[in-house]
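K.L.:
I have a structure I would like to understand better, so I am pasting it below and will then ask my questions one at a time.
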There are 2 protein chains.
Amino acid sequence: MATKTTLKGIAEHLNLSISTVSKALADSQEISDSTKLLVKTAARQLKYRPNAMARGLKSSRTNTLGVVIPNIMHNFFAKVIVGMEEEATKNGYSLVTCISNESLEKEKQSLHMLSDVSVDAIIISLTSETQETNEIEHLKDILHYDIPLVMFDRANSDLACDSVVINDYKGAYDATAYLLKTGCRNIAFLSTLNNTSVGNKRLSGYQAALSDYDNTLVPKVVYTKLTSLENDLGTFIDNNNIDGLITTDESSAIYSMNTLRIKGKQVPEDVSVIGFTDGNLARNYFPSVTTVKQQAEIMGKKAVQIALKNLNNKEQHEPVQEVIETELVIRNSTKTI
Amino acid sequence: MATKTTLKGIAEHLNLSISTVSKALADSQEISDSTKLLVKTAARQLKYRPNAMARGLKSSRTNTLGVVIPNIMHNFFAKVIVGMEEEATKNGYSLVTCISNESLEKEKQSLHMLSDVSVDAIIISLTSETQETNEIEHLKDILHYDIPLVMFDRANSDLACDSVVINDYKGAYDATAYLLKTGCRNIAFLSTLNNTSVGNKRLSGYQAALSDYDNTLVPKVVYTKLTSLENDLGTFIDNNNIDGLITTDESSAIYSMNTLRIKGKQVPEDVSVIGFTDGNLARNYFPSVTTVKQQAEIMGKKAVQIALKNLNNKEQHEPVQEVIETELVIRNSTKTI
């Protein structure tokens, strides 16, 4: 790579002072228009890149927020980012996004890199591995260096930073209670979110709703991944007689409905199905899917709002957790009451 | 924000020279282990951040690739990024991703920001607005500053840089030819990719296959968006008698099948449907969807490989366009031959 052009290089080339060059590039009123044109033309010819890192070091702001998501294939995270983009743009900020791919190591690298490029704040949803191991030193490091940190969706309560989550417990509770009201008694819970705070809270909500209704009802849980769902659920259905199914995301609701169809079960006549997320897919599937709406875009907006608030007021405060309520959107994959 | 700790600050605090502090933090052999420990402890206490930008300015590499995608809600782009992540990680690089949201202005901002944070190379898929207006000065700027630039999927042939695309023309041609072979004669083309290079090539492939087969067949095109697809296609079906439909992405194939169902049309008995992308959804829908497989992950890997190659060899070369062939995956949304 060729040597980078510096302010000094431009100054020498034009026989001007470094200060004049710097002011000309910054459009200072002290500099005449003709000198500005001269300097800017030379800067371009010499391929000078006004490095924001260098500028960032001085102004201490880059107007960039770093985001770390665990999985780009989940429609939910894509929607959260749409909300974040909108709020960030409104406030004159840009987003850069890293994908940790459910790997603790990749999460560490992402945080390191975002801190290296001097983002003003970091917004993160933790990987399942981070939540499983409870290893959070790398997150504490971010706080130690006074970089505002906001967690969303998958948060860790041992960390002294703000977070936005949905009321996962109540979302699952309401979904289960609805199935019970429509007459289902053998309701299974299918989770692709094993070992995450979100998955655990939904499981608790499901269990609580069952036992509140009738404490002889037995919770039945299927842990799976999207890639093995058809097999795992298929085997489960062969061995268990169910009339209701709650899944922890939208894709798994749809894959489950397909598996049920393969097994000769009608939805909702034989088995009612409720998913989480409420994307376009749930609305457009046949039958359309009853879902727990997670307000992903609202969550994204809130996370950015909190990050910007903390950025502008760096005084220590007790961590605040904002909880967004879910909504049960009833469609045709469940029976009517 | 508190003043940032500098090397000088640490040096003064410990009564050491700046050079000693700098070498200690860089683990130089010239410095004793005890001094290194002393310096590193002080650096942490004083919240010194060894700024990679500053480091980047010296080493001229940040080991980071910047990616700009037009739309995060398209499963195709998510899959491309999965492929990019894999290849980047394998080579010791990190990715940062920006979403331009189909806006030329946002694309410009993203490029500016990525160049500001000194990514080593930029990989981009253009927004529909960029392709529509053919405004590419901001992309030429990136090339002017010797930052390796690679375009993927949506490329612009006026730019002197490498690109990876799929054979969109042949993908659409093959899909149309297959429908003709199964007996369809009134095949419509539904596009959510108006004004993009990709959409135009697919349209041409569709038109060519029709006229090659029988030049009295009339192409019928529906331009729409996912949000208005149900209405637009519904109106079209009310006014046109079709027996085949090709859509430009996976979601629109599924939304279309739902719209057809609402209109009382059976898939594939009344209307055969073929989509593009081939995600999990196409495989798991009912009926499962015949699709043109776009090899998204392979495209992501290739794009990173080209970027790294250009990074390590900055000599001028004629732009190379790599073309990935598609594959028609036949499932149950089409009739058999």
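K.L.:
Counting only other chains, and only Cβ atoms inside 10 Å, what mean value do you get across the residues of A:279-285?
P.N.:
Mean number of neighbouring Cβ atoms from other chains: 5.
K.L.:
Quick one: among A:Arg154, A:Arg261, A:Arg202, which has the greatest mean-square fluctuation in a GNM of chain A with alpha-carbon springs under 10 angstrom?
P.N.:
Per the Cα network of chain A with a 10 Å cutoff, A:Arg261 tops the list.
K.L.:
With a 10 Å cut-off between alpha carbons and a GNM built on chain A, which of A:Tyr48, A:Tyr178, A:Tyr285 moves the most?
P.N.:
A:Tyr48
K.L.:
Looking at the square roots a ≥ b ≥ c of the eigenvalues of the Cα gyration tensor of the range B:194-246, which shape do they give, rounded for a/c under 1.5, prolate if a/b is larger than b/c, or oblate?
P.N.:
Oblate is the answer for the range B:194-246, as a/c is 1.5 or above yet b/c matches or exceeds a/b.
K.L.:
Okay, moving on. Note down the relative contact order for chain A as a percent, whole number, built from C-alpha pairs under 8 angstrom at least six residues apart. Show your work: numbers first, answer last.
P.N.:
Working: 601 pairs, mean separation 57.8, N = 337.
It rounds to 17 percent for chain A.
K.L.:
Using the Kirkwood formula over every pair of different C-alpha atoms, what hydrodynamic radius in Å results for the range B:1-160?
P.N.:
Details: mean 1/r = 0.0548 Å⁻¹.
For the range B:1-160, the Kirkwood estimate is 18.3 Å.
K.L.:
What is the percent of Cα-Cα separations in the protein assembly as shown that go past 34 Å? Before the final figure, lay out the partial values.
P.N.:
Numbers: 117272 of 226801 pairs.
Summing the P(r) tail past 34 Å for the protein assembly as shown gives 52 percent.
K.L.:
Any number yet on Rg/Rh for chain A, C-alpha, Kirkwood?
P.N.:
Numbers: Rg = 25.8 Å, Rh = 22.6 Å.
A ratio of 1.14.
K.L.:
For the Cα atoms of chain A, what angle does the longest principal axis make with the long axis of helix A:104-116, in degrees from 0 to 90, nearest 10?
P.N.:
30
K.L.:
Reported to two decimal places, what Rg/Rh ratio describes the range A:87-192 when computed on Cα atoms with Rh from the Kirkwood expression?
P.N.:
Using Cα coordinates only, the ratio equals 1.10.
K.L.:
Using the Karplus curve 6.51 cos²θ - 1.76 cosθ + 1.60 with θ = phi - 60°, work out ³J(HN,Hα) for each residue of the range B:31-37 in order, rounded to whole Hz, and write x for Gly and Pro.
P.N.:
Taking θ as phi minus 60°, the curve returns 10, 6, 4, 5, 5, 4, 4 Hz for the range B:31-37.
K.L.:
Distance between the C-alpha centers of the range A:96-129 and the range B:181-250? Whole Å please.
P.N.:
42
K.L.:
Within a 10 angstrom radius of each residue's Cβ in A:66-76, how many Cβ atoms of other chains show up on average? Whole number is fine.
P.N.:
Numbers: counts 1, 2, 0, 2, 0, 2, 11, 7, 1, 4, 0.
Neighbouring Cβ atoms belonging to other protein chains average 3 per residue here.
K.L.:
Which pairs in the list B:Lys181/B:Lys220; A:Lys170/A:Lys309; A:Lys265/A:Lys335; B:Lys108/B:Lys170 are over 20 Å apart, alpha-carbon to alpha-carbon?
P.N.:
Values: B:Lys181/B:Lys220 18 Å; A:Lys170/A:Lys309 28 Å; A:Lys265/A:Lys335 14 Å; B:Lys108/B:Lys170 32 Å.
From the list (B:Lys181/B:Lys220; A:Lys170/A:Lys309; A:Lys265/A:Lys335; B:Lys108/B:Lys170), the Cα-Cα distance tops 20 Å for A:Lys170/A:Lys309; B:Lys108/B:Lys170.
K.L.:
Every other copy gets compared here: list the nm distances from the B:Asn332 label point (7 Å along Cα to Cβ) to its counterparts, shortest first, one decimal.
P.N.:
Values, ascending and in nm: 1.7.
K.L.:
If you place +1 on the Cβ of every Lys and Arg and -1 on the Cβ of every Asp and Glu, how big does the dipole about the Cα centre of the range B:7-50 come out, in debye to the nearest 20? Walk me through the intermediate numbers first.
P.N.:
Working: 7 positive and 4 negative charges, 50 e Å.
Charge dipole of the range B:7-50: 240 debye, to the nearest 20.
K.L.:
Can I ask one more? So which residue, out of B:Gly183, B:Gly83, B:Gly244, gets the largest mean-square fluctuation from a GNM of chain B using Cα contacts under 10 Å as springs?
P.N.:
B:Gly183
K.L.:
Can you list, shortest first and in nm, the gaps between the label point of B:Gln266 and those of its counterparts in the other copies, using a point 7 Å from Cα in the C-beta direction?
P.N.:
Taking the point 7 Å beyond Cα along Cα→Cβ, the inter-copy spacings are 1.8 nm.
K.L.:
I need the calculated FRET efficiency for the pair A:Leu226 and A:Asp27, taking r as the beta carbon distance and R₀ as 56 Å, to the nearest 0.05.
P.N.:
0.60
K.L.:
Further, regarding this structure: Please list, ordered by chain and number, the residues whose modelled amide H lies under 5 Å from the amide H of A:Leu328; skip anything fewer than 5 residues away on the same chain.
P.N.:
Placed amide hydrogens put A:Lys293 under 5 Å from A:Leu328.
K.L.:
On to the next question. Could you name the aspartates and glutamates in cross-link range of A:Lys302, using Cα to Cα under 16 Å and dropping any fewer than eight places away on the same chain?
P.N.:
List returned: A:Glu85, A:Glu86, A:Glu87, A:Asp153, A:Asp162, A:Glu322, A:Glu325.
K.L.:
For every helix of n ≥ 4 consecutive DSSP H residues, a contribution of -39,500 (n - 2.57) applies; sum these over the protein assembly as shown, divide by its total residues, and give [θ] at 222 nm rounded to the nearest 500 deg cm²/dmol.
P.N.:
Values: 28 runs with 314 residues, N = 674.
Helices in the protein assembly as shown give a 222 nm mean residue ellipticity of -14000 deg cm²/dmol.
K.L.:
Please report the antiparallel percentage of DSSP beta bridges with both residues in the protein assembly as shown, rounded to the nearest 5.
P.N.:
Beta bridges within the protein assembly as shown, antiparallel portion: roughly 10 percent.
K.L.:
Before anything else, pin down the relative contact order of the range A:221-324: Cα pairs under 8 Å, at least 6 apart, normalised by residue count, whole percent.
P.N.:
Dividing the mean separation by the residue count of the range A:221-324 yields 20 percent.
K.L.:
Equivalent ellipsoid semi-axes for the range A:67-121, as square roots of 5 times the alpha carbon gyration tensor eigenvalues: give them largest first, rounded to whole Å. All intermediate terms of the calculation are to be shown ahead of the outcome.
P.N.:
Values: eigenvalues 76, 56, 5 Å².
Working from the Cα gyration tensor, I get semi-axes of 20, 17, 5 Å.
K.L.:
What does the copy distance list look like for B:Gly234, label position 7 Å along Cα→Cβ, in nm and ordered from shortest?
P.N.:
3.6
K.L.:
Under the Kirkwood approximation for Rh and a Cα-based Rg, what ratio Rg/Rh is obtained for the range B:168-294? Please list the in-between numbers first.
P.N.:
Working: Rg = 13.0 Å, Rh = 14.1 Å.
That ratio equals 0.92.
K.L.:
To make sure I understand, if each residue's beta carbon is the centre and we count other beta carbons within 10 Å, what order do B:Lys36, A:Lys263 fall in, fewest to most?
P.N.:
Ordered from fewest to most neighbouring Cβ atoms within 10 Å, B:Lys36, A:Lys263 come out as A:Lys263, B:Lys36.
K.L.:
Using R₀ = 30 Å, calculate the FRET efficiency as 1/(1 + (r/R₀)^6) where r is the Cβ-Cβ separation of A:Asp141 and A:Ile298; round to 0.05. Can you show the working numbers first?
P.N.:
On the way: r = 30 Å, r/R0 = 0.99.
E(calc), rounded to 0.05, equals 0.50.
K.L.:
Of all DSSP beta bridges in chain B, what percent run antiparallel (nearest 5)? Please list the in-between numbers first.
P.N.:
Numbers: 3 of 38 bridges.
Percentage antiparallel, nearest 5: 10.
K.L.:
If you line up the long axis of helix A:296-312 against the longest principal axis of chain A, both from Cα atoms, how many degrees apart are they, to the nearest 10?
P.N.:
For helix A:296-312, the angle is close to 40 degrees.
K.L.:
Now a separate question. In peptide B:96-104, what is the residue-averaged number of other protein chain Cβ atoms found within 10 Å of each Cβ?
P.N.:
5
K.L.:
Around A:Val320, which amide H atoms from residues at least 5 apart in sequence, or from another chain, sit under 5 Å from its own amide H, with H modelled in the peptide plane?
P.N.:
Those qualifying (amide H under 5 Å, at least 5 residues apart or on another chain) are A:Asp162, A:Ser163.
K.L.:
Where a ≥ b ≥ c are the square roots of the eigenvalues of the C-alpha gyration tensor, would you call the range B:7-50 rounded, which needs a/c under 1.5, or, failing that, prolate if a/b is larger than b/c, or oblate?
P.N.:
Here the range B:7-50 falls in the prolate category.
K.L.:
By how many degrees, between 0 and 90 and to the nearest 10, does the Cα long axis of helix A:229-239 differ from the longest principal axis of chain A?
P.N.:
20
K.L.:
Between B:Ile18 and A:Val320, how many nm apart are label points set 7 Å from Cα along the C-beta direction?
P.N.:
Roughly 4.1 nm, to one decimal.
K.L.:
To two decimal places, what compactness ratio does the range A:267-327 give when its Cα radius of gyration is scaled by 2.2 N^0.38 Å?
P.N.:
For the range A:267-327, the normalised Cα radius of gyration comes out at 1.68.
K.L.:
Post the alpha-carbon centroid distance, the range B:275-298 to the range B:132-180, in whole angstrom.
P.N.:
Cα centroid to Cα centroid, the span is 22 Å.
K.L.:
I need the phi-derived Karplus couplings for the range A:65-74: 6.51 cos²θ - 1.76 cosθ + 1.60, θ = phi - 60°, integer Hz, Gly and Pro marked x.
P.N.:
Values per residue, Gly and Pro as x: 10, x, 10, 10, 10, x, 7, 8, 7, 7 Hz.
K.L.:
Give the long-range amide H neighbours of A:Leu245: residues separated by 5 or more places, or on another chain, with amide H under 5 Å away, using H modelled in the peptide plane at 1.01 Å from N.
P.N.:
A:Ala188, A:Ser272, A:Val273, A:Ile274
K.L.:
Related question: Given an 8 Å cut-off on Cα distances and at least 6 residues of separation, report the relative contact order of the range B:168-294 as a percent.
P.N.:
25
K.L.:
Quote the charge dipole size of the protein assembly as shown about the Cα centre in Debye, to the nearest 20; the model charges only the Cβ of Lys and Arg (+1) and of Asp and Glu (-1).
P.N.:
840
Values in this text are rule-based calculations from the coordinates and carry no lab data. If you're wondering where the values come from, they're calculated on a predicted model, not measured in any experiment. As a convention, Cβ positions derive from the backbone with ideal geometry for all residues, glycine included, and neighbour counts pool all protein chains shown.
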